[in-house]
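Since the structure comes first, as structure tokens, the remarks are kept for the end.
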Amino acid sequence: MRTENVQMLTAHHQLIKNDGDDVIQGLTQTPKILPSKYFYDDRGSELFEQICELPEYYPTRTEAGILREYANEIAQITGKCELIELGSGSSTKTIFLLDAYQKLANLSKYVPIDISGGILKVSVLKLQKKYPNLSIDGLVGTYEQALIKLASNASSSRMVFFLGSSIGNFNPQESDKFLSQVAYALNPGDYFLLGMDLQKPKDILEAAYNDNQGITAAFNLNMLSHLNGQFQGNFDLNLFTHQAIYNQADTQIEMYLHSHKSHWVSLEPLDLKVFLESGEKILTEISRKFDLAIMQKELEMHGLRTLKVWTDPQQWFGLILCQA
Ligand code: AVJ
């Protein structure tokens, strides 16, 4: 089997070499924060796959429904191009696009990019079996690393896509930076397809991040296990509880880990000792909920002109196709 088509993005792009600076920075500021990307070790990616199947977690199946219905139309609009997916994970929803592009646009290349090497390898192997004639080049790395690499690598027409409302993890400033990097990576005429969760009543949103089976809580807590493993931390998972609330003013879900005892945590290789108060919380994720018109303006400001917008009948989730 061809595992060699999963490539690590590292070294010569001054890249990954995760030195934990972001962890030090986040845990020494007030209030404390941890970057959401630390959710996704292999266990975290597995838990996220389980979240996607939860009855309360509507985004995945809603977006999948939109893709099922409109993938052919998307392929017809863009015509033949290479497909490049940021944060591909299990690539489950991607199947709709791959099928449509194979049928209508003579698809030759798919580049899935993910920070979690385990899940990427498994999904590349699966896809290679299902699409034996498709050239699949998996890349393991951060979005930033991938976009730098893509920018220096322009050949044929491309569509970069970013599904699942992963853009919701960025605050406005980070989102601005991300869209600049996307725009920089694209050539004039290339496409960008963006999936985003839309604003809706608080009870629906909070239920989606506080599921009955406690999978989201396990996903949140798993970040501490990941840090324990990667940075020899001694977080005691029993001393923390999961909380997710919808911040109406900022239209974003905020996920926290609450410490219910005052205690010290150390991460030796980082030379870091952190004191947590009883009741203190660490922000582990924001998940912004968007307005389609505002997002179109933001894309436009980065030279990404909207070609078409799709939503589901309830307008819970949106897809914007734009062109550089
Ligand atoms: C992968 C960032 C889109 O924000 O809904 C799911 C992650 N966190 N449940 C989201 C997540 C808690 C998810 N994104």
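Quick look at the values:
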item: Residue within region 156-165 that is within 30 Å of Pro313 (Cβ to Cβ), away from the ligand (no atom under 16 Å from the Cβ) and in contact with a Ser or Thr (Cβ under 8 Å, 6 or more places away or on another chain) present; result: yes
item: Cross-chain or 6+ apart pairs with Cβ under 7 Å, region 268-294 first and within 30 Å of Ser165 (Cα to Cα) and assigned to a loop (DSSP other than H, G, I, E, B), then at pLDDT 95 or above and of a type in the set (Asp, Glu); result: Lys289/Asp197
item: Members of region 253-274 that are touching a Lys or Arg at 6+ places or on another chain (Cβ under 8 Å) and loosely packed, with under 13 Cβ neighbours inside 10 Å; result: Trp264
item: Failed item in (1) in contact with a Ser or Thr (Cβ under 9 Å, 6 or more places away or on another chain); (2) modelled with pLDDT under 95; (3) more than 27 Å from Leu9 (Cβ to Cβ), with Ser88 passing the rest; result: (3)
item: Number of the condition not met by Asp203 [criteria: (1) crowded, with 16+ Cβ neighbours inside 10 Å; (2) over 24 Å from Asp22 (Cβ atoms); (3) among the acidic types (Asp, Glu)]; result: (1)
item: Lone unmet requirement of (1) within 16 Å of the ligand (Cβ to nearest atom); (2) surrounded by 15 or more Cβ atoms within 10 Å (Cβ to Cβ) for Asp250; result: (2)
item: Among (1) within 23 Å of Ala71 (Cα to Cα); (2) surrounded by fewer than 13 Cβ atoms within 10 Å (Cβ to Cβ); (3) in contact (Cβ under 8 Å) with a residue 60 or more places away in the chain - the single one Asp312 does not satisfy; result: (2)
item: Count of region 166-185 residues which are more than 16 Å from the ligand (Cβ to nearest atom), of a type outside the set (Gly, Ala, Ser) and touching a residue at least 60 places away in the same chain (Cβ under 8 Å); result: 3
item: Selection from region 56-78 of residues that are in a loop (DSSP other than H, G, I, E, B) and either crowded, with 19+ Cβ neighbours inside 10 Å or away from the ligand (no atom under 16 Å from the Cβ) (or both); result: Tyr57
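The values are calculated or read from the model by the stated rules, or taken from the named source; none is laboratory data. Values in this document were obtained by computation on a predicted structure and should not be read as measured data. Virtual Cβ from ideal backbone geometry, glycine too; neighbours counted across all protein chains shown.
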